[in-house]
Every structure is written in C-alpha cells, then in structure tokens.
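Nothing in this text is a laboratory measurement; each read-out follows from the coordinates by a stated rule. Note that the structure is predicted; figures quoted are calculated from it, not measured. So basically every Cβ, Gly included, is an ideal-geometry build from the backbone, and we count neighbours across all protein chains shown.
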Amino acid sequence: MLAGPAIIVMVVILLYPLAYSFVMSFFRWDLGDSTPFIGVRNYSDALSGHQFQQSLRNQIIFSIISIAIEVCAGMGIAVLVNSKLHGLRLARTLLLIPPMIAPAVVGLNFRWLFNEQYGFLDAILRDLHLPIVPWLSDPNWALTSVIIADVWQNTPLMVLLFLAGLQSLPQEPLEAAAVDGASPWAAFWTIVLPLLRPIIMIALMLRIIDTFRTFDTVWLMTQGGPGGATNLVTVYAYLLAFQGIDFGHAAAVSYIALAISLVLLAILYGVPWLMAKRGAI
Amino acid sequence: MLNKLSRRHFIGGSAAVVAGSTFAPRFAIGAGATEIRALLITGGSLYPKYWEKITQDFTKKTGVTVKYDLLEFTPMTSKEVTLGAARSAEYDVYSTHTAQIGSFFNYFEPLNKYFDASDLADFFPVSIKYLTDPKTGHIAAIPRNVDARVQYYRKDMYDAKGLKPAGTWDELIDVSQKLTGGGHYGLVVPGQGDPAQRTFADLLWQAGGEWVDDKNKPSFNSAEGIKALTFYRDLILKYKVTPPDAVSYQWDENSSEFSSGAVYDTFDWPGAFASLSDPSTSKVVGKWSTAPYVKDKTAVSCAVSHAMALNSRSSKKDAAVEFIKFTVGPEAQQLNFDEFTNFPSRQSIAKQVVAAAKGDQAVWLGQLQTTIANGKEWPKLPGFSKVCTIMYGAIEKALSNQASPTDALNQAASDSLDAMTQAGAFD
C-alpha cells in the first residue's frame with residue numbers, strides 16, 4: 001500500500017505511454033478522423049522501406065564506431081588520468097564539461113565548427129594551405145562529423161566510469177605482477193582489463209542504449225542529411241511522426257529499434273554468461 | 001464544531017473545495033464564453049508585443065479574454081501535430097501555415113460559414129486556395145499574411161561590374177559566374193529539408209512542370225522536373241556559383257550568407273527586407289536592392305501564408321472565430337505590415353501599403369505583389385506531408401551527388417505514389 005503512489009506514477013509515466021505507442025504501431029494514425037487497424041503493415045513497410053534500411057545502416061555504423069572509439073579512448077585517458085602526473089586534477093575537472101552540455105547545444109556548436117565558410121576547422125586547413133573538408137555537405141564526411149561530435153561529448157563519461165573502476169581495483173595483483181617482472185602493458189592486458197570487465201560491460205550497455213537514442217545532436221547538425229546520409233533511426237522516426245504525420249509508422253520504427261537494441265544487449269550479456277556456464281571463463 | 005470535525009469529513013470537504021475551484025471556472029466560462037485559448041506564432045523580439053496589443057484590443061472590443069501561448073514556428077508545428085493526434089481541445093485557435101495545412105483538414109473547423117463571399121474575395125486567391133481542402137472545399141484556415149520570395153542582390157557589386165540582375169535561368173548562371181571569385185560567390189541557395197523543397201518547387205514550376213498530374217499522381221519526375229533538379233544541382237556542383245556546402249543550408253544560412261557580404265545574390269522572404277536594412281543584423285545596409293525572381297518557361301514561384309485556424313473540438317467556436325476575424329482584419333494586417341513588413345493577405349490592404357510606400361520599398365512591394373499574384377503551392381492531397389519528407393531526401397541526394405536527378409526523382413515518385421495511395425489520395 002505504501003508503494004501504491006510510486007507504482008501509480010510508474011504506470012502513468014512509463015508503462016502507459018509505452019503500451020499506448022505500441023498499440024498505435026498497429027494502426028494508421030494521422031490527424032484524420034479515423035484510425036483504422038492495419039495489423040503489422042507499419043512494421044512490414046518499415047522493414048522493406050529503403051529509407052528505414054538506410055537509417056538502420058547508418059545507426060549501426062554510428063553505434064559501432066562511436067562506441068569503439070569512446071570505450072578505447074575512454075580507457076586510455078582513464079589510465080593516463082589515474083597516474084600521478086602533474087595537472088591531472090585539473091584534467092579530471094575539465095573532463096566533466098562535455099557531458100554537462102546539452103546535446104542540442106553540442107549539435108549547434110559543431111554545426112558552426114564544421115561550416116566550410118566560417119568554421120574553425122576549415123579555417124585552420126585554409127591557413128595551412130590544405131584542402132578544406134566538406135564536413136556536413138558530403139555524405140561520408142557528414143556521418144563522420146556526427147560521430148566526432150558524439151565522441152567528443154561522451155568519451156569523458158567513459159573516462160570517468162573507467163577511472164572509478166581503476167581506482168577501485170585491488171593493488172596486490174598488480175604489485176605481484178610487478179615483482180614478477182611483468183611489463184605495464186602485460187599487467188594491463190592480463191590483470192587490469194579482466195578485472196574491469198564488469199565496468200566495461202556497463203559502459204557498453206549504457207552507450208548502446210544512448211546511441212540508439214541519439215537525436216538532438218544529429219538533428220541540429222544535419223537533420224539527417226545530406227540525402228539521409230546521417231539519418232539515424234530516431235531522426236527517421238521523428239521525420240515520420242512530425243513531418244510525415246504518420247504516427248503509427250513512426251511508432252513501428254521506434255519499436256523495431258528498441259527490439260534491435262535489446263537483441264544487442266542480450267548478446268552482450270548472454271554470450272559471457274553462456275561461456276561462464278560452460279566453464280570457458 | 002472544529003472538535004467534532006472528523007478526519008473523513010475534513011478530507012471529503014477539502015476534496016470538494018479543490019474540485020469546485022477546478023471545475024467552476026470552466027462552467028462559468030462556457031456559459032458566457034468570456035475566455036478563449038490560443039497557440040500563436042512568435043519569432044524575434046517584436047511578436048510578443050504585437051500579440052499583446054492585438055489581444056488587448058480584441059478584449060476591449062468584444063469583452064472576450066484571450067489567453068495565449070507563443071511558440072516559434074517549428075516547435076509550434078510539432079506541438080500542433082501532437083495536440084492534433086491527441087484530438088485535444090486545449091486550444092481554441094491556432095496559428096498555422098500553408099505548408100502544414102494539408103495534414104490538419106480533419107482537425108481544423110471549416111471556416112466557410114463564418115466568412116461571407118465578399119470578405120473572402122478580398123484575400124489573395126492563391127492564399128485561400130491552398131488553405132482549402134481540395135476534396136471538400138472546406139477552408140481550414142484564413143491567411144494572415146502572404147510570403148513569397150524575390151531576388152535580393154548587391155547593387156554596388158553589380159554596378160561595379162556593369163551587371164544587371166538576372167531575369168532568366170541562363171542569366172542567373174552568367175551573372176553569378178561573373179561575380180564568383182576571391183572568396184565570394186555570386187549566389188546562395190538553401191539545399192536542405194523544407195527550404196530545398198521550396199527551391200525545387202519554384203524551379204519545377206518555372207520549368208513548366210507540376211507536382212501531380214490531372215489524376216493526382218506524382219509527376220514531379222517529368223522531363224521538366226529533371227531539368228529543374230539538374231539546374232539546381234549544377235548551380236552548386238557544376239557552375240560552382242554557390243558556397244560548396246550549400247546542400248547543408250537552411251533559411252538561416254541562406255540569409256546570413258547574403259547579409260554577411262559573402263555572396264552577392266539570393267532569393268529570400270519578405271522579412272529579409274527589414275533585417276537587411278538593420279545594421280545590427282546586416283553588413284550590407286544600403287548596398288543591396290531587389291529584383292523579381294528569375295524565370296524559365298514561367299515566372300511562377302511559391303506563395304504561402306501564415307494563417308489562423310479554429311479547433312474543431314473547441315467549445316467556444318463563436319468567440320474563437322471573432323478572434324480569428326480580428327487577427328486577419330484590415331487593421332491587424334496593417335499593423336502586421338508596419339511592425340514586420342509582412343505582406344498583407346487582403347488585396348485591399350496590399351494595395352494600400354504598396355500605394356503608401358516610397359522608393360526601394362515601393363519597388364520591392366510591387367515585385368512581391370506580382371510574385372504572389374502568379375504564386376503557387378504544392379497540392380494539399382492526403383499523404384502529401386509524407387511526400388515532403390521523401391522529397392527532402394531525394395533533393396539532397398541529387399545536390400550531394402549521391403544520385404542523379406533522374407534516379408532521385410524516379411525513386412521519390414514511386415515512394416510518393418505508395419504514400420499517397422496508403423493515405424487514401426485516390427479513393
């Protein structure tokens with residue numbers, strides 16, 4: 001009974017909208033008077049549509065590359081920051097800044113940073129007499145640019161996560177390895193990384209969820225263009241709902257994306273669990 | 001007495017007071033319709049004062065209070081879409097626009113019976129036509145002002161090179177090429193999203209093409225459409241008379257490239273006349289002039305309207321319609337022009353403002369009036385909102401060389417036919 005209000009809030013804020021939008025995905029839902037039931041048509045149209053396929057392809061590329069860079073760079077910087085070098089306290093403080101900035105602001109700033117006429121990056125290239133880069137107007141460079149913006153904002157979060165992990169590691173195994181003459185790299189690879197595996201799994205899980213929710217940065221930078229080259233699943237769903245006025249189809253796209261991210265998470269946690277069960281690790 | 005007040009009585013009494021204070025005002029207002037709610041457009045620092053004056057003047061005249069919320073165009077449209085999907089009765093009156101009206105035909109109340117024929121005849125026909133459901137003839141909104149584009153060019157640079165503003169597509173290429181160089185460009189065009197579709201629409205009509213054929217099937221991939229998109233692409237990629245990243249430009253970049261002095265010619269909306277004359281927003285004050293939009297086979301381009309609509313679920317329709325009539329009335333339109341140089345949607349007021357204008361402004365208004373009189377908009381058929389999102393991708397693909405204009409338009413036409421069929425456009 002005491003948990004009743006909390007349950008009511010959870011149902012209203014979380015479960016009801018989820019259920020409502022799931023039901024919506026089986027209807028043709030626009031601003032018309034009727035909303036006919038069309039079964040799985042929204043799902044089949046989405047999966048067979050080349051725009052959704054392009055957005056899914058972009059999403060997978062965006063997620064894999066962003067996460068790989070963020071986790072690797074995050075780990076490297078965390079190891080560096082964990083050492084006793086001078087000025088690292090300031091570095092740790094500065095690392096807090098990117099995650100604190102709203103994604104929309106990040107998108108807007110990077111849009112101007114990458115502007116070919118006035119942007120800082122191409123201005124430097126011009127001064128160095130190097131060819132300028134069409135950051136936002138070339139389809140390949142545009143996806144690279146949104147990945148750069150995402151990496152800039154989210155790598156510090158990975159650093160903080162891994163830093164917390166590094167600082168909570170027991171020192172005895174590392175001391176023993178040093179006594180045995182193991183190099184720092186060997187100690188990192190054979191002792192630190194395995195001990196950090198739970199943290200790495202959490203980091204991967206958080207980033208997979210986050211990359212499948214990325215919208216603001218991409219929308220402000222490119223609006224999914226040019227020609228759908230940076231259309232992620234979220235951007236495509238937004239275009240369907242608020243410009244195409246097709247809520248049922250947009251809901252179906254969102255649930256397909258949710259299913260894919262759940263499958264990825266299941267693989268992420270399922271494979272090590274299976275291996276552990278079979279005694280492989 | 002207080003001693004005898006039980007917990008049950010206290011809770012019950014409190015709940016009754018809260019319920020009464022929540023619902024009583026609604027019943028009171030419903031009875032006399034003394035208050036309506038409106039979702040209105042804003043942008044810049046002048047709109048809040050404009051709407052404050054309009055609503056206060058309306059209240060003085062009718063006794064009806066208008067409680068309103070202001071939102072900029074894009075978030076306002078998103079909110080209206082959300083409210084429409086939820087079949088909300090939260091607002092009685094909405095600001096709306098020709099671009100979105102096709103999706104709202106079932107949510108906005110037909111206004112035909114509230115405006116008599118003589119009053120409707122005062123509005124520019126193009127603005128009424130494209131706010132009307134072609135299937136039923138229902139007028140979904142009444143235009144408050146009309147937007148069309150004219151050419152804004154750097155008179156000082158043109159005079160220095162002995163050039164005249166382009167009148168045709170070929171002249172546009174020629175003049176722009178002569179002005180491009182030394183870090184400056186002869187022209188800027190937007191290349192992303194809705195602005196790209198607007199520009200393609202202008203070029204499509206100028207080439208003699210149409211969005212749909214007489215059976216309402218997509219026809220923008222005709223030879224004329226391919227010619228239009230090829231010309232659009234070539235301005236950026238072949239003739240290189242625009243900034244190379246134009247495919248990523250929206251209206252903001254289109255305007256700021258000209259106002260910063262980086263480019264010497266653009267096609268822009270009426271609001272540019274005021275902003276280009278303001279030293280705080282323009283580096284080219286006093287250096288520019290206006291000219292008609294270029295033409296090819298025709299001189300047609302977009303003529304669209306910001307408009308006012310009535311929620312079909314409003315319980316205060318009479319009061320709400322009075323407010324709509326007030327906002328599109330002659331006095332409000334004159335004030336709209338005086339504050340924002342927004343071109344009036346009433347032909348009578350348009351004649352007045354053109355006659356009263358002097359110098360460059362008079363020339364500009366005359367050009368705008370001609371463009372509007374010849375103006376068009378894309379069709380308001382079921383499913384066309386989805387066609388627009390298809391077109392954004394197709395146009396951007398062609399402009400960024402991911403697909404040829406022919407392939408991009410053919411794919412878009414096929415996808416559009418599917419979208420319109422599913423939406424019941426051919427039922």
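Some points to look at:
- Counting other Cβ atoms within 10 Å as a rough exposure proxy, the listed residues B:325, B:358 run B:358, B:325 from fewest neighbours to most.
- Convex hull (Cα only) mean projected area of the protein assembly as shown, reported in nm² to one decimal: 42.6
- Here the label points at residue B:168 and residue B:427, each 7 Å from Cα along the C-beta direction, are separated by 4.7 nm in the simple model.
- Extension gain from residue B:72 to residue B:178, taking 0.36 nm per residue of separation minus the Cα-Cα distance: 34.3 nm
- Against chain A, whose longest principal axis is taken from its Cα atoms, helix A:197-211 shows a tilt of about 30°.
- FRET efficiency, residue B:414 to residue B:339 (Cβ-Cβ, R0 60 Å, nearest 0.05): 0.85
- Rg ratio (alpha-carbon, reference 2.2 N^0.38 Å) - chain B: 1.12
- Restraint check, B:60/B:358; B:155/B:240; B:217/B:317; B:135/B:297; B:240/B:287, Cα-Cα greater than 26 Å: B:60/B:358; B:217/B:317; B:135/B:297
- Dipole magnitude for segment A:16-251: computed about the Cα centre from +1 point charges on Lys and Arg Cβ and -1 point charges on Asp and Glu Cβ, it is near 240 debye.
- Each part gets one Cα centre, and for segment A:140-177 versus segment B:235-307 those centres are 45 Å apart.
- Computed [θ] at 222 nm, deg cm²/dmol, chain A (DSSP H ≥ 4; -39,500 (n - 2.57); rounded to nearest 500): -20500 deg cm²/dmol
- Volume per residue of the C-alpha convex hull in segment A:16-251, rounded to whole Å³: 176
- Dividing the mean sequence gap of close Cα pairs (under 8 Å, 6+ apart) by how many residues segment A:16-251 holds gives a relative contact order of 33 percent.
- Among residues other than residue B:287 with Cβ under 13 Å from its Cβ, the summed charge is -1 (Lys and Arg +1, Asp and Glu -1).
- Annotation: aspartates and glutamates with alpha-carbon distance below 19 angstrom to residue B:376 (same-chain offsets under eight excluded): B:122, B:133, B:147, B:194, B:202, B:210, B:213, B:214, B:224, B:268, B:296.
- Cα centroid of segment B:316-355 to Cα centroid of segment B:388-404, whole Å: 38
- Separation of the residue A:202 and residue B:217 label points, Cα + 7 Å toward Cβ, nm: 6.1
- Centroid-to-centroid separation of segment B:105-147 and segment B:149-196 [C-alpha atoms, Å]: 36
- This ranking places A:86, B:184 by how few other beta-carbon atoms lie within 10 Å of each, fewest first, which gives A:86, B:184.
- 222 nm mean residue ellipticity, helices alone, for chain B (DSSP H n ≥ 4; -39,500 (n - 2.57); rounded to 500): -15000 deg cm²/dmol
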